[in-house]
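*Asks:* Okay, handing you the structure first.
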Amino acid sequence: MLEIKNLHASIDGKEILRGVDLVVPTGEVHAIMGPNGSGKSTLSYVLSGRDGYDVTEGEILFDGNDIVEMPAEERASAGVFLAFQYPLEIPGVATMTFLKAALNAQRKARGEAELTTPDFMRRVKVASEKLNVSQEMLRRPLNVGFSGGEKKRNEILQMALLEPKLAILDETDSGLDIDALRVVSEGVNALRSPGRSMLVITHYQRLLDHIVPDKVHVMSAGRIVRTGGPELALELEAKGYADYADEPV
Amino acid sequence: MVAVQETVDQVRQIDVDQYKYGFVTDIESDRAPKGLSEDIVRFISAKKNEPEWMLEWRLDAYRRWLTMTEPTWSRVQYPKIDFDELYYYSAPKSTPGPKSLDEVDPELLAMYEKLGIPLREREILAGVEGASDRRVAVDAVFDSVSVVTTFKEELKKAGVIFCAISEAIREHPEIVKKYLGSVVPVTDNYYATLNSAVFSDGSFVYIPEGVRCPMELSTYFRINERNTGQFERTLIIAEKGAHVSYLEGCTAPMRDENQLHAAVVELVALEDAEIKYSTVQNWYPGDKDGKGGIYNFVTKRGDCRGDRSKISWTQVETGSAITWKYPSCILRGDDSQGEFYSIAVSNGYQQVDSGTKMIHLGKNTKSRIISKGIAAGRSDNTYRGLVSAHRKASGARNFTNCDSLLIGDKCGAHTVPYIESKNASAVFEHEATTSKIADDQLFYCLQRGLSSEEAVALIVNGFVKDVIQQLPMEFAVEAQKLISISLEGSVG
């Protein structure tokens, strides 16, 4: 599904990713952990095609195709989804309107018919109930005045509707209390499927108690420096990142 | 950064040449000789078969105008206007006041159809059968004359008078005499005085006591003729307890030279009356290099003369090379209310200096101002507003919210509020924000699969939503489309 080879990327001439190698096979959930400033969020932006990041070397193979030159919206339609650490607010645009615009834009890009309103509403209803997202919340402007938990639930709701092949979750646990964390994690777990890969970026191990990964990678100074099973997360929790924090960027 | 940059580049390239109403109608016209003099004023008055008092009124205005100088305080720049190079009267030749649509030049009807303004009542009726509340009566003003007013008979049954102002001067002189110039005095300002001297047509609306106008009224203004100034005059009177909703729309052909539009609109609301006045202004804005376009120098004012009366202005301004206007409310009656909702979009080299004045004179008067300015390209967008409370205006309340949205880094947004209170119990609130469409906001949308054009459209529509909601339903859709077209290049 996702194969990253010797990826180097910089922003404003400063190199942040310094040779990332990573393979996430179809259907697997991998976690990336690491100290602050190790390049985790940069990796999520480079994978999703955010402007301003220069890929200076290496490849990102998604379903076998190099997507380095592909614009962000095309990657989205091809099935790359990023759950933002800080979801953005769009005043005056109802959440429901945004969901419909996004879903139909992707369907159109893939040459599929746009959904009819009843069909769309039905899908939203099914997905929102699972995530405890109320109709009232869907009518509010996108993320405006949402609590931390509401924002993250809204991200997972978008993921459920857009049905990506690769979901990147950037610090999805930040700003969540225990109950919200459980709801969000259950939502993510419900979306695990043999056809979908996930890359869970987190600073803390507690998220991985709920979303148990197939593999854990440790990132430091712009590289993947260690890879192991779920037990690696527990080790990091106990020992901290001191061993890896040699080269902050 | 790069995504926004692309949008900015696209906006920069925008051809204002995409203006979709820029065609010229080939129609023979009857014009007054070029330039302005007492003779021209007499010529216009004679053309309209006006009574003597009206001619005197015009001549008085003309003589006063000669003693005035053009104001220069606005934040707009334009070369000096040579008033002797303009034509002050132009009428389609074939229509010296047609009695029915059959007498209207088919070229004209075709033009209005092209603009999406149906003038044939039969067709309007056929189109919306069973939805009688959706009908809109239209007064179509072409250059200097009103060519047709629809649904007149039906309105007459309700006691509503809706006709060209030239007709009202002849048919209802007692009402016109009483109210004309009572809200915008002849000497109010340079352009209002000029208008008083040479106004050629416009709409007249009279809603009798207790009547709720049975349909939306609208006037459609079209400037066709080259080098012609359009000076229309609109007068709306709502008697005690009357209600009316009125909409005006405007377009003009693409011409290289600038055209002057200096209108005066006067609204009078008596006790418990309510007037809602909506404008969708889409005059030709000039080409991508800023050549041509309409100078829109307009005086619009409403007088809440009676207690508990209410006047509401809603405007969507996307056109004109220069827009210079301040639809205002004089809150004279106790407990009267004034509202101003505005969306001003500027692109290319357009300049906008617009806002409102809320003059609180009566007790417990309330006003509300919601202004949304969107600047793109190399345009300048200024909100200028006055809120004032007279000494006797105890309990006056105002809430003002001015938001500006910038697209790109070559445009400007400015907010110039004037707030004056001579009464200690007045409460005035002012909020203002200026924002840019942020990179991360745009990226968020792109990541969900929207193109940058769709993303900007979505964000802009969210930004103007509070004002769009104030428009009558039929026009809200039109306004949204218009905003999209105006920002084309950045919006899909």
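The values are calculated or read from the model by the stated rules, or taken from the named source; none is laboratory data. If you're wondering where the values come from, they're calculated on a predicted model, not measured in any experiment. Glycine also receives a Cβ, built like all others from the backbone with ideal geometry; neighbour counts cover every protein chain displayed.
*Asks:* Given the structure, is A:V183 out of contact with any strand residue (DSSP E or B) (no Cβ under 8 Å at 6 or more places or on another chain) and touching a residue at least 40 places away in the same chain (Cβ under 8 Å)? It would help to see each step written out before you state the result.
*Replies:* On the way: out of contact with any strand residue (DSSP E or B) (no Cβ under 8 Å at 6 or more places or on another chain): yes; touching a residue at least 40 places away in the same chain (Cβ under 8 Å): yes.
The answer is yes for A:V183.
*Asks:* Consider segment B:392-407. How many of its residues are of a type in the set (S, T, N, Q) and either within 20 Å of B:S74 (Cβ to Cβ) or within 14 Å of chain A (Cβ to nearest Cβ) (or both)? Break it down stepwise before answering.
*Replies:* In the first step, residues of segment B:392-407 are kept if they are of a type in the set (S, T, N, Q); the result is B:394, B:398, B:400-401, B:404.
Still in the running and either within 20 Å of B:S74 (Cβ to Cβ) or within 14 Å of chain A (Cβ to nearest Cβ) (or both): B:400-401, B:404.
Qualifying residue count for the region: 3.
*Asks:* Take B:E431 and tell me if it is within 27 Å of B:V387 (Cβ to Cβ), touching a residue at least 12 places away in the same chain (Cβ under 8 Å) and either more than 7 Å from chain A (Cβ to nearest Cβ) or surrounded by fewer than 18 Cβ atoms within 10 Å (Cβ to Cβ) (or both).
*Replies:* Yes: the conditions hold for B:E431.
*Asks:* Which residues, taken from segment B:177-205, are surrounded by 24 or more Cβ atoms within 10 Å (Cβ to Cβ) and of a type outside the set (A, V, I, L, M, F, W, C)?
*Replies:* Passing the criteria: B:Y191, B:T193, B:N195, B:S196, B:S200, B:D201, B:G202, B:S203.
*Asks:* Looking at A:A238, A:A242, A:A233, which one is of a type in the set (G, A, S), buried (at least 19 other Cβ atoms within 10 Å of the Cβ) and over 30 Å from B:Q441 (Cβ atoms)? Let's see the steps before the verdict.
*Replies:* Numbers: A:A238 fails: buried (at least 19 other Cβ atoms within 10 Å of the Cβ); A:A242 fails: buried (at least 19 other Cβ atoms within 10 Å of the Cβ).
Only one candidate passes the filter, namely A:A233.
*Asks:* Looking at the structure I just gave you, is B:S435 at pLDDT below 85 and among the polar types (S, T, N, Q)?
*Replies:* Working: at pLDDT below 85: yes; among the polar types (S, T, N, Q): yes.
Criteria met by B:S435.
*Asks:* Continuing with the same structure: Just to verify a result, which residue in segment A:48-76, among those that are surrounded by fewer than 20 Cβ atoms within 10 Å (Cβ to Cβ) and facing chain B (nearest Cβ under 8 Å), is farthest from A:K165 (Cα to Cα)?
*Replies:* A:G52
Conditions (1) in contact with a strand residue (DSSP E or B) (Cβ under 8 Å, 6 or more places away or on another chain); (2) over 20 Å from A:A109 (Cβ atoms); (3) modelled with pLDDT under 95, marked per residue:
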{"site": "A:D51", "(1), (2), (3)": "no, no, yes"}
{"site": "A:V55", "(1), (2), (3)": "yes, yes, no"}
{"site": "A:D63", "(1), (2), (3)": "no, no, yes"}
{"site": "A:M70", "(1), (2), (3)": "no, no, no"}
{"site": "A:E74", "(1), (2), (3)": "no, no, no"}
{"site": "A:L82", "(1), (2), (3)": "yes, no, no"}
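*Asks:* Any idea which of (1) in contact with a Pro (Cβ under 6 Å, 6 or more places away or on another chain); (2) at pLDDT below 90 is the one B:G159 doesn't satisfy?
*Replies:* Unmet for B:G159, out of (1) in contact with a Pro (Cβ under 6 Å, 6 or more places away or on another chain); (2) at pLDDT below 90: (2).
*Asks:* Mind checking which helices (runs of 4 or more DSSP H) fall wholly inside segment A:114-199 and carry at least 3 residues that are at pLDDT below 95, crowded, with 22+ Cβ neighbours inside 10 Å and touching a Lys or Arg at 6+ places or on another chain (Cβ under 6 Å)?
*Replies:* Per the criteria, no element qualifies.
*Asks:* Any chance segment B:65-86 includes a residue that's crowded, with 16+ Cβ neighbours inside 10 Å and either at pLDDT 90 or above or in contact with a helix residue (DSSP H, G or I) (Cβ under 7 Å, 6 or more places away or on another chain) (or both)?
*Replies:* Taking every residue of segment B:65-86 in turn, at least one turns out to be crowded, with 16+ Cβ neighbours inside 10 Å and either at pLDDT 90 or above or in contact with a helix residue (DSSP H, G or I) (Cβ under 7 Å, 6 or more places away or on another chain) (or both).
*Asks:* Does A:S44 satisfy the criteria of being of a type in the set (S, T, N, Q), surrounded by 17 or more Cβ atoms within 10 Å (Cβ to Cβ) and within 22 Å of A:E171 (Cα to Cα)? Write out each step before concluding.
*Replies:* Values: of a type in the set (S, T, N, Q): yes; surrounded by 17 or more Cβ atoms within 10 Å (Cβ to Cβ): yes; within 22 Å of A:E171 (Cα to Cα): yes.
Answer is yes for this residue.
*Asks:* Only one residue in B:K410, B:K465 is at the interface with another protein chain (Cβ under 9 Å from one of its Cβ atoms) and among the charged types (D, E, K, R), so which one is that? Working first, answer last.
*Replies:* Values: B:K410 fails: at the interface with another protein chain (Cβ under 9 Å from one of its Cβ atoms).
Step by step, each of B:K410, B:K465 is checked, and only B:K465 is at the interface with another protein chain (Cβ under 9 Å from one of its Cβ atoms) and among the charged types (D, E, K, R).
*Asks:* Here's a follow-up. Can you run down the residue pairs with Cβ atoms below 7 Å, 6 or more apart or on separate chains, where the first is in segment B:74-85 and of a type in the set (A, V, I, L, M) and the partner is not in a helix (DSSP H, G or I)?
*Replies:* B:V76/B:I322; B:V76/B:W324; B:V76/B:Q351; B:V76/B:D353; B:I81/B:L260
*Asks:* Here is a follow-up. Looking only at residues that are closer than 19 Å to B:Q447 by Cα and of a type in the set (V, I, T) in segment A:86-121, which one is farthest from the other protein chains (Cβ to nearest Cβ)?
*Replies:* Applying the filter and picking the extreme gives A:T95.
*Asks:* Of all residues in segment B:262-290, which are of a type in the set (S, T, Y) and over 27 Å from B:E70 (Cβ atoms)?
*Replies:* B:S278
*Asks:* Condition first: in a helix (DSSP H, G or I) and surrounded by fewer than 21 Cβ atoms within 10 Å (Cβ to Cβ). Now tell me which residues in segment B:469-479 satisfy that.
*Replies:* Restricting attention to segment B:469-479, the residues satisfying the condition of being in a helix (DSSP H, G or I) are B:473-479.
Of everything in segment B:469-479, those that are in a helix (DSSP H, G or I) and surrounded by fewer than 21 Cβ atoms within 10 Å (Cβ to Cβ) turn out to be B:M473, B:E474, B:A476, B:V477, B:E478.
*Asks:* Only one residue in B:L446, B:L442 is at the interface with another protein chain (Cβ under 7 Å from one of its Cβ atoms) and crowded, with 22+ Cβ neighbours inside 10 Å. Which one?
*Replies:* On the way: B:L442 fails: at the interface with another protein chain (Cβ under 7 Å from one of its Cβ atoms).
One residue alone meets the criteria, B:L446.
*Asks:* If you go through segment B:442-459 one residue at a time, do you hit one that is β-branched (V, I, T), in contact (Cβ under 8 Å) with a residue 60 or more places away in the chain and in contact with a Lys or Arg (Cβ under 6 Å, 6 or more places away or on another chain)? Let's see the steps before the verdict.
*Replies:* Within segment B:442-459, the first condition is being β-branched (V, I, T), and the residues that meet it are B:456, B:459.
Now restrict to residues that are in contact (Cβ under 8 Å) with a residue 60 or more places away in the chain: B:456.
Going one step further and asking which of them are in contact with a Lys or Arg (Cβ under 6 Å, 6 or more places away or on another chain), we end up with none.
The answer is no, given that none of the residues of segment B:442-459 is β-branched (V, I, T), in contact (Cβ under 8 Å) with a residue 60 or more places away in the chain and in contact with a Lys or Arg (Cβ under 6 Å, 6 or more places away or on another chain).
*Asks:* Given the condition of a type outside the set (D, E) and touching an Asp or Glu at 6+ places or on another chain (Cβ under 6 Å), answer yes or no: does some residue in segment A:60-80 qualify? Walk me through how you get there before you give the answer.
*Replies:* Restricting attention to segment A:60-80, the residues satisfying the condition of being of a type outside the set (D, E) are A:60-62, A:64-65, A:67-68, A:70-72, A:75-80.
Pick out the ones that are also touching an Asp or Glu at 6+ places or on another chain (Cβ under 6 Å) and you get A:61.
Yes, some residue in segment A:60-80 is of a type outside the set (D, E) and touching an Asp or Glu at 6+ places or on another chain (Cβ under 6 Å).
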